[in-house]
Amino acid sequence: MTAKPRIAIYGTGQFGGMAARFALDKGWPIVAAYNRAGDKIGRDLGDVIGLGRSIGVLVQDCDTADFSGLDADVGLVFTTNVMAQNLPAYERLPGAGVNVLCHGGQSYHPFASDPAIAARVDALARAKGVTFTGCGIWDMSRIWSGLLAIGPTTELESLVHRSITDAKGQAINPTQARQVGIGMSLAEFEESGLRQSPLAISYTTVPALVLETAGFTVASRTAEIEPITFDSDVDAEFLGGMLAAGTCVGTRIIGHITTAEGPTVRVEIELRLFRDGDVEHMAWDVQGKPRTRIRVERDDSGHATAASLFNRIPDVIAARAGVVTVAELGPLKSSARA
């Protein structure tokens, strides 16, 4: 990529704001910004994201804006994790001939997450000659770390994928905290319906993508959610104070994947509050020949989320048309010298 990419920001919250600041720091032009209706509409993006100065880009209502004249190379979508809910963005941007990089759990592996929506997005992207890719912190820390871990194997029996993510580090608000059970009693957790949350199965799409990229055929995926509690009080200052021992501090997702060829995967994912000494990390344990283990420790996970997506911009602009996963794009490259 030689020219500076022209960027549209679709969703101007925490991660959209971070990506916008990365672009401005590198001199990459932001040509448009969109958000759902509210007090951000009509304001300069620089003001919305806290720069303290104007950059000459007004935030438009995504539902009423005219996308037909959008002159951008890529649209960065920061909305929800659910592809069906994001469909308007997936149609508006490619419809205007703009590549899409989406921050959302299901978008990492669209055909495993929502085949009907994925087929629709893929057809539109191919027709318009643009690329759709889901990306974010899972790129290197989950997907590419898994691909690297199984790379040396000549025989593969099974995989175990574990992770612990700091809820506070993700800067979630009180409403989002409740969505993963934080602050609930065990009785409230059981009544909440969280055990049936679609969040659970979405975390099996990562090992499914790793297996499929390695040539295996996924036969089944299952997942369940359970509450996590501590036997001592825990600091939850960002939610207003301490949580008493026995209160839910997050959720644990237990998943299982089988393949037609035999290898299986166990998934153990924790999204919870941290105690002193806890370290946010992703890990793969490869049972096979050779036996391999890899662990990725993360600081500044909010920055890593936005930066991982931002650094994929050149790859996506250069990629083939249609839905393309980060596994196809190759390892993530730094933009430090860009």
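No lab work stands behind these numbers, since they all come straight from the coordinates. These figures come from a predicted structure and were not determined experimentally. Glycine also receives a Cβ, built like all others from the backbone with ideal geometry; neighbour counts cover every protein chain displayed.
Per-structure values
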{"item": "Share, in percent, of DSSP beta bridges within the range 138-297 that are antiparallel, nearest 5", "result": "80"}
{"item": "Cβ-placed point charges (K, R +1; D, E -1), dipole of the chain about Cα centre in debye, nearest 20", "result": "1040"}
{"item": "The range 192-208 - phi-based ³J(HN,Hα) in whole Hz, Karplus 6.51/-1.76/1.60, Gly and Pro as x", "result": "6, x, 5, 4, 9, 5, x, 4, 4, 5, 5, 6, 8, 5, 5, x, 4"}
{"item": "Likely footprinting exposure, R53, R293, R266, fewest C-beta neighbours within 10 Å first", "result": "R53, R293, R266"}
{"item": "For the range 131-137, 3J(HN,Hα) per residue [Karplus equation, 6.51 cos²θ - 1.76 cosθ + 1.60, θ = phi - 60°, Hz, x = Gly/Pro]", "result": "10, 10, 9, x, 7, x, 5"}
{"item": "Cα centroid separation, the range 213-262 to the range 30-50 (Å)", "result": "35"}
{"item": "Amide proton proximity set for T292, modelled H, under 5 Å, gap of 5+", "result": "V286"}
{"item": "Residue order, fewest to most beta carbons within 10 Å, for K40, K333", "result": "K333, K40"}
{"item": "For the range 138-297: rounded, prolate or oblate by the Cα gyration tensor [a/c cutoff 1.5]", "result": "prolate"}
{"item": "Magnitude of the charge dipole, the range 199-338, Cβ model with Lys/Arg +1 and Asp/Glu -1, debye to 20", "result": "780"}
{"item": "3J(HN,Hα) from dihedral phi, the range 70-83, Karplus parametrisation 6.51/-1.76/1.60, rounded to Hz, x for glycine, proline", "result": "5, 10, 10, 8, 8, x, 9, 9, 10, 10, 10, 7, 9, 4"}
{"item": "Inter-label distance, nm, simple model (7 Å from Cα along the C-beta direction), R293/R275", "result": "2.1"}
{"item": "Cα gyration tensor shape for the chain, rounded if a/c is under 1.5, else prolate or oblate", "result": "oblate"}
{"item": "Fewest-first sequence of F310, F230, F67 by Cβ atoms within 10 Å of each Cβ", "result": "F230, F67, F310"}
{"item": "Mean residue ellipticity (222 nm) of the chain, computed from DSSP H runs ≥ 4 via -39,500 (n - 2.57), nearest 500", "result": "-8000 deg cm²/dmol"}
